1. If I go through segment 53-95 residue by residue, how many of them are in a helix (DSSP H, G or I) and hydrophobic (A, V, I, L, M, F, W, C)?
2. Over 13 Å from Cys13 (Cα atoms), surrounded by fewer than 13 Cβ atoms within 10 Å (Cβ to Cβ) and over 15 Å from the mean Cα position of the chain (by Cα), is that true of Asp100?
3. How many of the residues in segment 105-157 are of a type in the set (Lys, Arg), over 13 Å from Met88 (Cβ atoms) and either at pLDDT below 95 or not in a helix (DSSP H, G or I) (or both)?
Amino acid sequence: MIRVLFVCLGNICRSPMAEGVFRHLVEQEGLAGHFAIESVGTGAWHIGEPPHRGTQRELRARGVDLSGKRSRQVTTGDVETSDYVIAMDRSNLHNLQRHDPNGQLDGKAHLLLDFADGVDARDVPDPYYEGKFDRVYNLVEAGCHGLLDYIREEEEI
């Protein structure tokens, strides 16, 4: 089982969007049995809350189901057991270090947009403050496509 963990600040906008999009792509490719896909936040502000209504709206409009998702905060165990830890921005990638006392992030922590072809940005902007959930969706989708291609090659699936 390939464990993919998406990470943002509060786990209500970007990382659950990436979780939903990536799961949708994996299912479309018939690879669901190979993956465990989850998302978390580095902060504790929204624990137990569903994804932001803007995230839910954007996913529903694109046929992606994220029903039942509730926000939770990252744990050291998440970092240790994940094969790919995918941060939405450099700030959250840096914040993950405090959940990695044994240096397990080395080689498995990445920025989502590092996998997005034709995208100049490195950080997925936080729509919680700016809106523009459609723009964020497009960035997340590009990153998820590239990530799936990367994992398929790395894991030979």
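1. Restricting attention to segment 53-95, the residues satisfying the condition of being in a helix (DSSP H, G or I) are 53-61, 76-81, 90-95.
Among the residues that remain, those that are also hydrophobic (A, V, I, L, M, F, W, C) are: 59, 61, 79, 93.
Looking only at that region, the number is 4.
2. Numbers: over 13 Å from Cys13 (Cα atoms): yes; surrounded by fewer than 13 Cβ atoms within 10 Å (Cβ to Cβ): no; over 15 Å from the mean Cα position of the chain (by Cα): yes.
Against the criterion (over 13 Å from Cys13 (Cα atoms), surrounded by fewer than 13 Cβ atoms within 10 Å (Cβ to Cβ) and over 15 Å from the mean Cα position of the chain (by Cα)), Asp100 does not qualify.
3. Filtering segment 105-157 down to residues of a type in the set (Lys, Arg) leaves 108, 122, 132, 135, 152.
Still in the list and also over 13 Å from Met88 (Cβ atoms): 108, 132, 135, 152.
Applying the additional criterion that residues be either at pLDDT below 95 or not in a helix (DSSP H, G or I) (or both) yields 108, 132.
Qualifying residue count, segment 105-157: 2.
The values are calculated or read from the model by the stated rules, or taken from the named source; none is laboratory data. As the structure is a computational prediction, the values presented were derived from the model and not from experiment. Here the Cβ is made from the backbone with ideal geometry for all residues, glycine too, and neighbour counts use every protein chain on show.
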